[in-house]
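What follows is a single structure, written as structure tokens, with notes after it.
Each reported figure results from applying straightforward, stated rules to the coordinates on display, with no laboratory input. What you are looking at is a predicted structure, and each value in this text was computed from that prediction instead of being measured. Because the Cβ atoms are built from the backbone with ideal geometry, glycine has one as well, and the counts that use them run over all protein chains shown.
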Ligand SMILES: [Zn+2]
């Protein structure tokens, strides 16, 4: 029996516990406005593109992805006008999708559906292998914090439910895989999903930190996975490091959180950077696409829109872009159907 097979059962439960702990240590940093230019790095992030760096340990026993998703989540917040809990929940799900898409090759699309039963409603995100992600949360207005600490609450407002992942390799036969939500904190749910459905021992840390105005200050995360053939002592070493790792919020708060994450994951161990790729919030909707959607409606509905409303307006739920169709557009659709 390969030694790596013994890892998931016991050791992973500790890693999942770590994630649980990390996700609950949500710290909303209070901006200090007392000296010089305290937001130097903050402004630098506005300029920069988000990125994902893929790495592998020198021994080949582990691989890790680290992400800066600040602009991705900031864009999502702006487009959907989300309140604190909704921003963090949607942001974490967007990061989870970016991680899952980074795990795929070719022209693959990953849809994540966090199907919770509480007030946030469903959270739906779609990511592709070109670095694009889009998404929305059914209720963008959830804004609940602990009074004493200002900590944004997420899990209780996701609630119980399912973590559904749809993988579309472009063959027209999407593959569905579902695990129960463990805590609704998303990071932990993703770690559980990866371990259960992909049978790969995985540690995940991801979070979104908000500033005092509940705007996105920083967002990002990491995925660490054991590769086949990892030796027991190597696994033990990484496990220990993961357990001793500072909370993801603390790492995200540091000036260069990508480097801090890598340092926390690998310590003094040597590793290789395999790639660095841009990632972004980008919707693929277009007027043509919605024209096709309208074309699927019965002619009588199209006639009604034309005669009574003199047009139609469709808003993309993934990015809130509104497309207007005038009487000529509708007439064209009706003609094509007859
Ligand atoms: Zn759109």
Exactly one of 120, 206, 190 is touching a helix residue (DSSP H, G or I) at 6+ places or on another chain (Cβ under 6 Å) and assigned to a helix (DSSP H, G or I), and that residue is 190
Just give me the residues in region 309-329 being buried (at least 18 other Cβ atoms within 10 Å of the Cβ) and either in a strand (DSSP E or B) or more than 9 Å from the ligand (Cβ to nearest atom) (or both), in sequence order.
312, 323, 325, 329
For region 247-271, how many residues meet the condition of being loosely packed, with under 15 Cβ neighbours inside 10 Å and within 21 Å of the chain's Cα centre (by Cα)?
2
Can you give me the number of residues within region 125-136 that are surrounded by 21 or more Cβ atoms within 10 Å (Cβ to Cβ) and touching a residue at least 60 places away in the same chain (Cβ under 8 Å)?
5
Could you please find all residues in region 132-153 being in contact with a helix residue (DSSP H, G or I) (Cβ under 8 Å, 6 or more places away or on another chain) and away from the ligand (no atom under 16 Å from the Cβ)?
139, 141, 142, 143, 144, 145, 152, 153
Can you pull out every residue in region 278-290 that is surrounded by 16 or more Cβ atoms within 10 Å (Cβ to Cβ) and either part of a helix (DSSP H, G or I) or more than 14 Å from the ligand (Cβ to nearest atom) (or both)?
279, 290
Some residue of region 83-100 being touching a residue at least 24 places away in the same chain (Cβ under 8 Å), outside any loop (DSSP other than H, G, I, E, B) and surrounded by fewer than 21 Cβ atoms within 10 Å (Cβ to Cβ):
no
Among the residues of region 141-158, count how many are buried (at least 17 other Cβ atoms within 10 Å of the Cβ) and either free of Cβ contacts under 8 Å to residues at least 60 places away in the same chain or within 16 Å of the chain's Cα centre (by Cα) (or both).
4
Exactly one condition in (1) surrounded by fewer than 17 Cβ atoms within 10 Å (Cβ to Cβ); (2) part of a helix (DSSP H, G or I); (3) within 15 Å of the ligand (Cβ to nearest atom) is false for residue 301; which is it?
(3)
